[in-house]
Each structure stands twice: as C-alpha cells, then as structure tokens.
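K.L.:
Quick one: this structure, given as structure tokens, is what I'll be asking you about.
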Amino acid sequence: MKDSSVTGVERTFDKDEIIVSKTDLKGRITYTNRVFMKLADYTEKDLLGEPHSIVRHPGMPRCVFKLLWDTIETEKKEIFAYVINRSANGDHYWVFAHVTPSLDAAGNILGYHSNRRVPDRKILNGTIMPLYQKLLEEENRHSNRKDGMNSAYNMLVTLLEEKGVGYDELIFSL
C-alpha cells in the first residue's frame, strides 16, 4: 500500500477525459478506467475488489456521502456531486461526479456506476469549498463521528429546505 498522507498538491485532468468506475453493492470496485488509475495513482490490481473509499479524502464531508447514498439507495435515483478524492501518494483531485445505481429488470440495485468530469473551478472556489469547510467544521465539532456527520447532514438538509430545492437542483443552479 502506498503512503496516503495528504500532500496539498492538486492533480488535474483534461476536460475531455472522464473518470469511470463501477462497484458492487458493498462499494467494492469491479471496474475502473485508465483515467481513474492515473489520477488515483493505483494500478488496476491495486483497485479491483477494494472499497471505493480507498480514494476518500479527509477534506470530503461525510454528510455529503450520506446524502448521496440515501438518494441512490432509497430513491434509486442518480445524483450529481462535487467530490474531492485522494491519490495513493496523498495528492488530491476534484471531480464533478454523476453516480447511478445499476438496476436489474425487476428494479433491484446490482451495483453502482460513476462518471466523473472536470468540475467548474468558479463553483468549487465560490460555493463548494466554503460549504464543505462549514460542513467539515460541524462534523469535527463533535467527539462522536456519527453525531458529527448527522449534525452536518441536518445543516445541509436545512440549507436545501431554505432554498426550496433538492441537492441536484442546488448543484445545477450554481
């Protein structure tokens, strides 16, 4: 396993490139493309069968993932989100993720598919990064990680209710 400390160095990718991965129901990686492997700094052998959280960056609020998974699993709907990921060497990269459940003919979830594109830097700097910082501060304010995540999740839900929009609507209104 490579060093996973945070370096503060941002990696980027071309606007014409798409990061693709698929996971099983437990979130274990079953497919990854070369763009993902290049940015994450892992080989296919390193990634297949591993939890997708292998690229989770500590600067990514857990409450956003809770909202993402709640939407996908309960509503069986796609969701879009800005996500910061961590490479194997500790570098990071931002993505605009489109996550969809893979369904069988009966509508049961078989796994998950995600395409990630280059995010809009103005939206990241002006809205997403400040929002994620507030959510992280709330998560870290609590000694119990689950309590912190739930408190930040409630902040996020309240923000959406105040704006009268769902998460996807908020993301696409930026």
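K.L.:
Of (1) hydrophobic (A, V, I, L, M, F, W, C); (2) closer than 29 Å to E138 by Cβ; (3) in contact with a Phe, Trp or Tyr (Cβ under 7 Å, 6 or more places away or on another chain), V55 satisfies all except one. Which?
P.N.:
Result: V55 fails condition (3) only.
K.L.:
Hey, another quick one. Can you tell me which residue within region 139-174, out of those that are small (G, A, S) and in a helix (DSSP H, G or I), is farthest from F65 (Cα to Cα)?
P.N.:
If we take residues in region 139-174 being small (G, A, S) and in a helix (DSSP H, G or I), then S173 is farthest from F65 (Cα to Cα).
K.L.:
Also, I was wondering about something else. With the condition kept exactly as written, say whether any residue in region 121-134 is in contact (Cβ under 8 Å) with a residue 12 or more places away in the chain, touching a Lys or Arg at 6+ places or on another chain (Cβ under 8 Å), assigned to a helix (DSSP H, G or I) and over 27 Å from V20 (Cα atoms).
P.N.:
Checking region 121-134: not a single residue is in contact (Cβ under 8 Å) with a residue 12 or more places away in the chain, touching a Lys or Arg at 6+ places or on another chain (Cβ under 8 Å), assigned to a helix (DSSP H, G or I) and over 27 Å from V20 (Cα atoms).
K.L.:
Restricting to region 9-29, name every residue that is without any contact (Cβ under 8 Å) to a residue 60 or more places away in the chain and over 13 Å from S114 (Cβ atoms). Walk me through how you get there before you give the answer.
P.N.:
Narrowing region 9-29 to residues without any contact (Cβ under 8 Å) to a residue 60 or more places away in the chain: 16, 26, 28-29.
Within region 9-29, D16, K26, R28 qualify.
K.L.:
Within region 37-60, track down each residue that is more than 26 Å from M129 (Cα to Cα) and either out of contact with any Lys or Arg (no Cβ under 8 Å at 6 or more places or on another chain) or charged (D, E, K, R) (or both).
P.N.:
Of everything in region 37-60, those that are more than 26 Å from M129 (Cα to Cα) and either out of contact with any Lys or Arg (no Cβ under 8 Å at 6 or more places or on another chain) or charged (D, E, K, R) (or both) turn out to be T43, E44, K45, D46, L47, L48, E50.
K.L.:
Check V83, V20, V95 and return the single one that is within 21 Å of N140 (Cβ to Cβ), part of a strand (DSSP E or B) and hydrophobic (A, V, I, L, M, F, W, C).
P.N.:
Numbers: V20 fails: within 21 Å of N140 (Cβ to Cβ); V95 fails: within 21 Å of N140 (Cβ to Cβ).
That would be V83, the only listed residue that is within 21 Å of N140 (Cβ to Cβ), part of a strand (DSSP E or B) and hydrophobic (A, V, I, L, M, F, W, C).
K.L.:
Report, ordered by the first and then the second residue, all pairs with beta carbons closer than 6 Å, sequence separation of six or more or different chains, a first member in region 36-53 that is farther than 20 Å from F13 by Cα, and a second member that is surrounded by fewer than 20 Cβ atoms within 10 Å (Cβ to Cβ).
P.N.:
G49/R28; P51/G27; P51/R28
K.L.:
Here is a follow-up. Determine whether region 81-95 contains at least one residue that is β-branched (V, I, T), without any contact (Cβ under 8 Å) to a residue 40 or more places away in the chain and closer than 16 Å to R56 by Cα. Quick ask: steps written out before the conclusion?
P.N.:
Here is the first cut: in region 81-95, the ones β-branched (V, I, T) are 83-84, 95.
Next, from what is left, pick out any that are without any contact (Cβ under 8 Å) to a residue 40 or more places away in the chain: 83.
Retained after the next criterion (residues that are closer than 16 Å to R56 by Cα): 83.
Within region 81-95, one or more residues are β-branched (V, I, T), without any contact (Cβ under 8 Å) to a residue 40 or more places away in the chain and closer than 16 Å to R56 by Cα.
K.L.:
Of these, T74, T32, which one is closer than 30 Å to A106 by Cβ, without any contact (Cβ under 8 Å) to a residue 24 or more places away in the chain and surrounded by fewer than 17 Cβ atoms within 10 Å (Cβ to Cβ)? If you could, list the steps in order and put the result at the bottom.
P.N.:
Numbers: T32 fails: surrounded by fewer than 17 Cβ atoms within 10 Å (Cβ to Cβ).
Selected residue: T74, the only one of T74, T32 that is closer than 30 Å to A106 by Cβ, without any contact (Cβ under 8 Å) to a residue 24 or more places away in the chain and surrounded by fewer than 17 Cβ atoms within 10 Å (Cβ to Cβ).
Only the coordinates and a few stated rules stand behind these numbers; no lab work does. Quick caveat: nothing in here was measured; it's all calculated off a predicted structure. Glycine gets a Cβ as well: all are built from the backbone with ideal geometry, and neighbour counts include every protein chain shown.
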